[in-house]
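Right, one structure below, let's go through it.
Read-outs: derived from the displayed coordinates by stated rules, not from any lab. Keep in mind that what you see is a predicted model, and the values were worked out from it rather than measured. Note that each Cβ is placed from the backbone with ideal geometry, even for glycine, and that neighbours are counted across all protein chains shown.
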Amino acid sequence: MKKWLPILLSGAIGCMPASVNAAGGFKDVKADHWAKSAIESATGKGYFKGYADGTFKPNATLTRAEFAATLARLSKAEATDTAEKVFADLSGHWSETEVNRAVALGFIDPKDYSNGFKPNTPITRFEIAKWMTSGLAAIDGDYKQALEDTKTTVIPVKEYFTPGIPESKAPYVAVAMGTKLLGGYPDGTFGLNSNATRAEASTILLRYESVSGKKADEFLGLKELRQVGTERTNMETISPFTTAPFSFNDVVDKSYSFRNKAGSLKLHNYIVVDSEDFKNIESIYAPMFIDETDYSKRLDEKGIYRAFIQITIYPKSTDFRVGEYVGGVSDGVVSGSRIGNENVVKKYGYLTLPNMYTDQFFRDHQDSNGGVTVWVKTFLEYKKAGDQLTTDDNSILRINTKN
């Protein structure tokens with residue numbers, strides 16, 4: 001089979017705007033523009049060109065053809081097989097050769113475009129996430145495994161909660177975020193269906209240039225996402241705590257009955273945030289649960305970590321109240337309190353325990369199985385580790401400190 005030789009980017013993609021001298025900057029990219037540095041770097045490397053009128057048009061959208069061609073030329077990888085005449089609607093199109101190369105390099109899966117590539121369609125952020133992470137997976141088996149590991153992980157974006165991210169899309173978003181190829185927006189969303197702008201693409205391409213030279217295990221955020229996807233917790237990745245020789249997998253989604261017989265619960269995920277230093281909070285999940293306003297001089301000190309627990313509570317009566325959960329749980333692993341930062345709760349759109357009208361809350365939010373899924377918070381203290389959980393079938397979990 002014919003091999004593709006390595007191709008370095010030697011010029012901007014075809015059918016792009018006319019070249020201008022960007023040494024003095026672009027008229028429409030002000031000094032305080034968030035992507036100014038990335039735009040200048042990307043144009044300096046030839047990934048993009050400006051317009052003849054001295055503008056860059058940072059907010060203009062980018063087409064599938066334009067982004068595919070840029071990726072194909074940016075990549076230094078070598079494709080083992082050729083890919084020719086993949087899309088009938090690309091015959092004679094200026095981007096045909098580059099798109100075929102992008103397919104051969106593993107960026108683009110032709111099955112995703114069974115009705116045609118439609119090269120002039122503005123590319124979405126999800127497409128960018130999938131193309132780039134697929135490209136990484138094609139050259140490094142651990143990135144491929146990362147896509148498998150994150151199919152059911154908790155993704156720290158609003159869409160994870162509402163309307164939900166299907167398993168067919170979740171790993172690409174997770175790996176893109178875990179490697180910082182793409183991040184969420186200030187409003188907590190990822191923007192899966194949003195069209196990427198030229199400014200965003202400039203930043204993303206520079207990040208890919210850096211990420212493609214690194215191993216998957218070099219990214220703390222990705223390691224967290226992978227552990228949550230496979231073990232339902234990021235505990236051992238982000239903190240000095242461990243459940244060995246037990247595992248969260250031994251107890252998740254199993255029934256735990258309250259000692260007061262008012263109901264039961266099931267544990268789903270246990271997320272730890274390193275909040276020892278509020279000037280340097282660690283965890284890709286931190287923005288989903290806390291911000292600088294949560295600092296407590298009494299609580300936030302060395303050796304104390306915050307944990308956020310996803311549980312589903314199954315009340316036995318219609319007048320079930322929060323107090324019956326608090327009084328019914330004797331095992332510390334699933335004992336928690338309301339997440340008090342209403343700003344982050346509303347931003348991401350998940351439920352936490354109510355602070356008033358609690359019986360009405362449990363009536364209003366029951367799912368088809370009679371359960372109410374909420375996130376609660378607790379604290380893990382290094383000097384006092386030892387919380388445990390025993391489910392109704394006698395499965396055991398215990399949290400200890402690492403040796």
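Rounded, prolate or oblate: pick one for the range 233-401, where a ≥ b ≥ c are the square roots of the eigenvalues of its C-alpha gyration tensor, a/c under 1.5 means rounded, and failing that, prolate if a/b is larger than b/c, else oblate. Cα axes put the range 233-401 in the oblate bin.
Here the range 313-389 is treated as an ellipsoid with the same Cα gyration tensor; its semi-axes, largest first and in whole Å, are 23, 17, 11.
Amide H to amide H distances under 5 Å link residue 380 with 305, 306, 307, where only residues 5 or more positions off or on other chains count and H is placed in the peptide plane.
About its Cα centre, the dipole of the chain is roughly 400 debye, where the only charges are +1 on Lys and Arg Cβ and -1 on Asp and Glu Cβ.
Please report, to two decimal places, log10 I(q)/I(0) for the range 54-171 at q = 0.21, 0.23 Å⁻¹ as given by the Debye formula with identical point scatterers on the Cα atoms and no solvent. The Debye formula, applied to the Cα set alone, gives -1.22, -1.32. Semi-axis lengths, largest first, of the ellipsoid equivalent to the chain are 46, 22, 20 Å, with √(5λ) applied to each eigenvalue of the Cα gyration tensor. Relative protection proxy for 34-42, 227-235, 195-203, from highest mean packing down: 227-235, 195-203, 34-42 (other beta-carbon atoms within 10 angstrom). Here's how it looks for residue 241: its modeled amide H is under 5 Å from those of 402, which are all 5 or more places away or on a different chain.
Expressed in Å, the radius of gyration and Dmax of the Cα atoms of the range 22-225 are 16.8, 48.
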